[in-house]
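> So that we are looking at the same thing, I have put the structure below in structure tokens.
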Amino acid sequence: MKDVDTLEARFKAELRGALLRAARGRSPTLFSLDETRTRSSARVLRAKAERIIELRRSYSVDRSIEPVAAKYLKACLAWKHLHQGAREAVPEIAKQLLTELDSHGT
């Protein structure tokens, strides 16, 4: 379980940096689930988020707490489906997720 906690802490730090860039309009594909470029933040974060969720399923963890990885993936789905992948929606979604992370202390 300690390994999952470590991965989640690292993921949160990486996500926070990426969200700050996106909130300033410097990462227009951050929430893209279709991003395939090797050095893409979206691809890297998506892979890490999926891995964290997979590990959380295999360990006994408090399922009443939504992990940061799941919040990121939900934001990706919202961008794709609610905002139809509009680049101009990225900064607002990033700001909302930053606010949520800060207010819930996750």
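> Out of segment 1-102, which trypsin sites (Lys or Arg not before Pro) are coil in DSSP terms and have no more than 10 other C-beta atoms within 10 Å?
Arg39, Arg63
> Additional query: What percentages, rounded to whole numbers, describe P(r) for segment 2-104 computed over all alpha carbon pairs with 10 Å bin width beginning at zero?
Over segment 2-104, the share of Cα pairs per 10 Å bin runs 15, 51, 29, 5 percent.
> Out of the chymotrypsin sites (Phe, Trp or Tyr not before Pro) in segment 1-73, which ones are loop residues according to DSSP with at most 15 other C-beta atoms within 10 Å?
When the chymotrypsin sites (Phe, Trp or Tyr not before Pro) of segment 1-73 are filtered for loop state and at most 15 Cβ neighbours within 10 Å, Tyr59 remain.
> So, one more: Find how many whole Å separate the alpha carbon centroid of segment 49-106 from the alpha carbon centroid of segment 11-41.
Segment 11-41 and segment 49-106 have Cα centres spaced 12 Å from each other.
> Under the 0.36 nm per residue contour assumption, what length would be gained going from the current alpha-carbon distance of Glu35 and Gln84 to full extension?
16.1 nm
> By how many degrees, 0 to 90 and rounded to 10, does the Cα axis of helix 41-58 deviate from the longest principal axis of the chain?
20 degrees
Read the figures in this text as sums done on the coordinates, not as results from a lab. Everything numeric here is computed off the predicted structure, so don't read it as measured data. Reconstructed Cβ throughout: ideal geometry from the backbone, glycine too, with neighbour counts over all protein chains shown.
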